[in-house]
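The values are calculated or read from the model by the stated rules, or taken from the named source; none is laboratory data. Just so you know, these numbers come straight off a predicted model, no measurement behind them. With ideal geometry, Cβ positions are generated from the backbone for all residues, glycine too; neighbour counts draw on all protein chains shown.
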Amino acid sequence: MKENYVLCDASSLISLTGACLDSVIDFFHDKFRVKFVVPQSVEYEAVARPLSLKTKIYCFSALRIQNLINKRAIEVVPESKDEKTKELMKQGNHIYHAAGKSLKLIQKGETEMLILSRELNIPSLLMDERTTRFLIESPITLKKHLEDEFHTHIMVNKKSLMSFSNRVKGMNVIRSTELVYTAYEEGFFSKFGSKESEAAEAALYRLKYAGCAVSFNELKEYSKMMK
Amino acid sequence: MLELSKASKLICDAFKERDQRKMRRANDTIMTLSASRFSKEMYELAVYSYVLSKVLSKPRFMSKKYSATHKEIQAILNSMVRDAKKRDKKAFRVAVKGLRTSIQTLESRDSRYIKTMIEKGRLKTAATLYAQGLSLSTASKLTGVESQEIMDYAGKTRMFDRVTGGKSLASRIDYARKMLLGGV
């Protein structure tokens with residue numbers, strides 16, 4: 001069976017552990033030899049930092065992710081070179097402009113993932129965060145949203161947009177909801193017996209409440225597909 | 001600093017009039033400015049306009065026994081307006097610290113939650129920046145609020161229902177199947 005690689009960002013790990021669904025990573029790793037990969041910055045954000053904080057509120061989630069790393073269900077890779085990350089981040093942060101100023105929407109963490117995707121030739125991204133996903137898939141939708149939120153016309157720097165779009169071309173994003181739904185189709189919730197689809201539906205809603213960027217309309221679509 | 005001065009005045013006037021709705025409107029205006037022209041000072045004003053709207057909305061904080069603290073807060077807000085007009089960022093930041101202390105004093109006398117009003121204000125502001133279109137990491141870095149907290153909060157709002165776009169669900173699931181099961 002061919003190994004499939006998936007590059008994960010912190011947001012997807014956060015919502016999966018928040019919804020107690022991190023075992024779905026084990027499921028795909030053990031049964032389908034999927035390799036979940038994270039850059040060091042994601043390990044820091046999802047594991048090291050929460051464990052270092054005074055508040056214990058996110059410690060258990062961090063330990064669950066650390067456990068997945070220790071079991072090698074998630075692999076940590078070194079960060080890409082700083083210059084490449086800075087360059088792509090600069091491009092991304094020069095796409096949209098309001099009142100003559102560029103809108104700095106993305107940070108190093110998100111950009112690093114995109115650079116690594118290219119460097120490691122892993123086009124599949126697991127990402128629950130919304131902004132970066134829109135930048136990859138639908139930058140004009142993001143423009144319209146920014147106009148609605150800031151009540152002002154947003155200018156698009158076409159050169160920066162084209163440059164950024166070329167760099168992320170071919171990348172495909174799925175969310176933790178798609179991960180869990182596919183797991184459902186492969187029997188992940190079979191232990192619930194007759195309540196299998198009910199459990200899967202509940203899990204998807206739990207992911208939304210844990211912060212996965214999925215809408216209620218999409219959840220209704222999922223429910224219809226399960227019937 | 002001009003925007004800072006206007007924003008400070010909105011908060012100052014709303015508190016002077018003890019007008020909670022006016023304070024919420026001030027917060028809305030400041031939030032719109034914060035995301036597009038972010039500065040630490042503007043962020044603090046976004047947080048404190050929210051916090052002060054909460055203070056104004058709670059009868060227990062507006063009772064006469066806290067009138068000395070109310071006067072203190074008003075004096076600080078007046079000085080913030082003056083400092084912003086004079087473009088004195090250092091004095092402005094000192095005033096913000098004073099505002100924090102006054103609000104903490106107010107709340108500590110009748111504390112009911114683990115999270116303080118200021119912590120809730122920071123979280124709400126961070127989540128609003130994320131909802132407006134900044135990435136999760138950007139909202140976290142600018143505000144100092146952890147990504148986990150922002151996601152936890154955002155998940156209980158309708159922010160992901162307000163804007164939809166990108167790929168269709170069917171194509172996303174189709175790709176997920178190929179990616180996870182069949183190899184891409």
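Things to note:
- Residues that are crowded, with 22+ Cβ neighbours inside 10 Å and in contact (Cβ under 8 Å) with a residue 60 or more places away in the chain within the range A:26-40 comprise A:Phe28, A:Phe36, A:Pro39, listed in sequence order.
- Under the condition of being closer than 14 Å to A:Val173 by Cβ and either more than 9 Å from chain B (Cβ to nearest Cβ) or assigned to a helix (DSSP H, G or I) (or both), the residues counted in the range A:127-146 number 12.
- Verdict on A:Gly92 being crowded, with 20+ Cβ neighbours inside 10 Å, touching an Asp or Glu at 6+ places or on another chain (Cβ under 9 Å) and outside the structural domain of A:Gly211 (by TED's automatic domain parsing): yes
- Residues (under 14 Å from A:Ala213 (Cα atoms) and among the small types (Gly, Ala, Ser)) located in the range B:148-184: B:Ala154, B:Gly155, B:Gly165, B:Gly166, B:Ser168
- Segments classed as helices (runs of 4 or more DSSP H), wholly inside the range B:88-184, with at least 3 members that are at pLDDT 90 or above and aliphatic (A, V, I, L, M): B:89-108, B:117-132, B:147-154, B:169-177
- Scope the range A:82-101; condition more than 17 Å from A:Asn166 (Cα to Cα) and free of Cβ contacts under 8 Å to residues at least 24 places away in the same chain; matching residues: A:Asp82, A:Glu83, A:Gly100, A:Lys101
Conditions (1) of a type in the set (S, T, N, Q); (2) part of a helix (DSSP H, G or I), marked per residue:
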| residue | (1), (2) |
| --- | --- |
| A:Val38 | no, no |
| A:Glu43 | no, yes |
| A:Val47 | no, yes |
| A:Leu63 | no, yes |
| A:Gln66 | yes, yes |
| A:Lys84 | no, yes |
| A:Leu88 | no, yes |
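- Every residue from the range B:94-109 that is among the basic types (Lys, Arg) and surrounded by 15 or more Cβ atoms within 10 Å (Cβ to Cβ): B:Arg100
- A:Lys104 being more than 20 Å from A:Val37 (Cβ to Cβ) and not in a helix (DSSP H, G or I): yes
- If the condition is being surrounded by fewer than 18 Cβ atoms within 10 Å (Cβ to Cβ), of a type outside the set (Ser, Thr, Tyr) and within 14 Å of another protein chain (Cβ to nearest Cβ), then the range B:15-39 contributes B:Arg25, B:Asp28, B:Arg37.
- Condition check for A:Lys220: within 14 Å of chain B (Cβ to nearest Cβ), assigned to a helix (DSSP H, G or I) and over 23 Å from B:Tyr153 (Cβ atoms): yes
- Looking only at the range B:28-61, residues that are among the basic types (Lys, Arg) and either in contact (Cβ under 8 Å) with a residue 60 or more places away in the chain or over 15 Å from B:Ala126 (Cα atoms) (or both) come to 3 in all.
Every residue, every condition in (1) crowded, with 21+ Cβ neighbours inside 10 Å; (2) outside the structural domain of A:Leu103 (by TED's automatic domain parsing); (3) under 13 Å from the mean Cα position of the chain (by Cα); (4) of a type outside the set (D, E, K, R), yes or no:
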site: A:Arg130; (1), (2), (3), (4): yes, no, yes, no
site: A:His145; (1), (2), (3), (4): yes, no, no, yes
site: A:Ser160; (1), (2), (3), (4): no, no, no, yes
site: A:Tyr209; (1), (2), (3), (4): no, yes, no, yes
